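The values are calculated or read from the model by the stated rules, or taken from the named source; none is laboratory data. Note that the coordinates shown come from a computational prediction; the quantities given were computed from them, not determined experimentally. So basically every Cβ, Gly included, is an ideal-geometry build from the backbone, and we count neighbours across all protein chains shown. Ligands, DNA and RNA are excluded from the accessible area calculation, which covers all protein heavy atoms including side chains. Shrake-Rupley method; radii C 1.70, N 1.55, O 1.52, S 1.80 Å.
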Amino acid sequence: MKVQEFFNEHPVFRHEDFVAFLESTGSSRTKTREALLAYHVEVGHLLRLRRGLYAAVSRGIDPEVYPVDSYLLAGQLTADAVVSHHSALQFHGKAYAALNRFTYLTRNTRRPFEFRGQEFVAVLFPKALQAQQAELFGIVTARHAGGKVRVTTLERTLVDVLVRSDLGGGWEEVWRSLESVEYFDLDQVTYYTLKLRSATAVAKVGFFLEQHRDALMVDESFLTLLRKHVPKQPCYLERSRRTAGRLVPNWNIVVPPAVLESAWEEAG
């Protein structure tokens, strides 16, 4: 494979991927690969996004205005990056509103990164999943914009945005987005929720599924299984903002009236 073919197949790539490609062709000299990268940046074939991260640029287009796909970028910010939360909803075409903040899962802490008015935020894989070596549950690799993106499934995304509504755009955005999804594999939703080993997560997911049991055809068996793991003490739908709300006994969770009654529908 020639260098240009590598660029064609990797619209956004990390330095180590380019090194691995060169080594596969028999070129392992550090100066050679660094000179190659520098040359292609200089002539406008590559756009350096940040240290160790590049975007391939179509011939004849100014690199400074060349459109870089946000999902490809987010998926390459770390070697293990996975597009997640609201960004996953957007990727799957199920977000109610488009946001300029893109979230990705990773095992290591990273500072937020900004590129052309968009913010890219790293979120650590849940500790419970790391302890079980189950970080990759509910993750798929999808072809997109000439490259590949690792992204959470709709089932995992449902749970993730209910657990972290702040990463889902807020409760209205979460509710409206999830309500646009016609079908979820509830076996996967339930299994993943329990893998998190969090009673609060169980309460949030259980409440949402029960509230939408008709639309999503939620069998009672899923709710019964989740109810076995509800919190022993009342918890809040949003722990950081313990606003007044109504206790939902089935899930031992306090839910704000706006969420309980979908008040935004009336406002709309």
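The trypsin sites (Lys or Arg not before Pro) of segment 1-98 meeting both criteria, a DSSP state outside H, G, I, E and B (loop) and at most 16 other C-beta atoms within 10 angstrom of the site's C-beta, are K2, R29, R51, R59.
Protein-only accessible surface at a 1.4 angstrom probe places the residues H212, H144 in the order H144, H212, largest first. Extension gain, D17 to S221: 0.36 nm times the residue separation minus the Cα-Cα distance gives 68.8 nm.
Among the listed pairs K94/K228; K148/K204; K204/K232; K127/K204, a Cα-Cα separation exceeding 21 Å is found for K94/K228; K148/K204. Peptide packing for 149-158, 215-224 was compared via the average number of neighbouring C-beta atoms within 10 Å per residue; ordered from the highest value, the list is 149-158, 215-224. Over the chain, DSSP H runs of length four or greater, each weighted -39,500 (n - 2.57), average out per residue to a 222 nm ellipticity of -10500 deg cm²/dmol. Computed with a 1.4 Å probe over protein heavy atoms only, the accessible surface of segment 28-164 comes to 50 Å² per residue.
Net charge of the neighbourhood of K195, taken over other residues with C-beta under 14 Å away and scored Lys/Arg +1, Asp/Glu -1, is -1.
Computed from phi, the 3J(HN,Hα) profile of segment 52-69 under the Karplus parametrisation 6.51, -1.76, 1.60 (θ = phi - 60°) reads x, 9, 9, 10, 6, 10, 5, 4, x, 10, 5, x, 6, 10, 5, x, 9, 5 Hz, with x in place of Gly and Pro. May I ask you to give the percent of accessible area on the chain that is carbon plus sulfur, with a probe radius of 1.4 Å? So the carbon and sulfur contribution to the accessible surface is 49 percent. The listed residues F91, F21, once ranked by accessible area (1.4 Å probe) with the largest placed first, stand as F91, F21. Across the protein chains, with a 1.4 Å probe defining accessible surface, the residues I139, I61, I253 rank I61, I139, I253 from largest area downward. The computed Kirkwood radius over Cα pairs in Å for the structure shown corresponds, within (i) 20.4; (ii) 18.1; (iii) 18.9, to (i).
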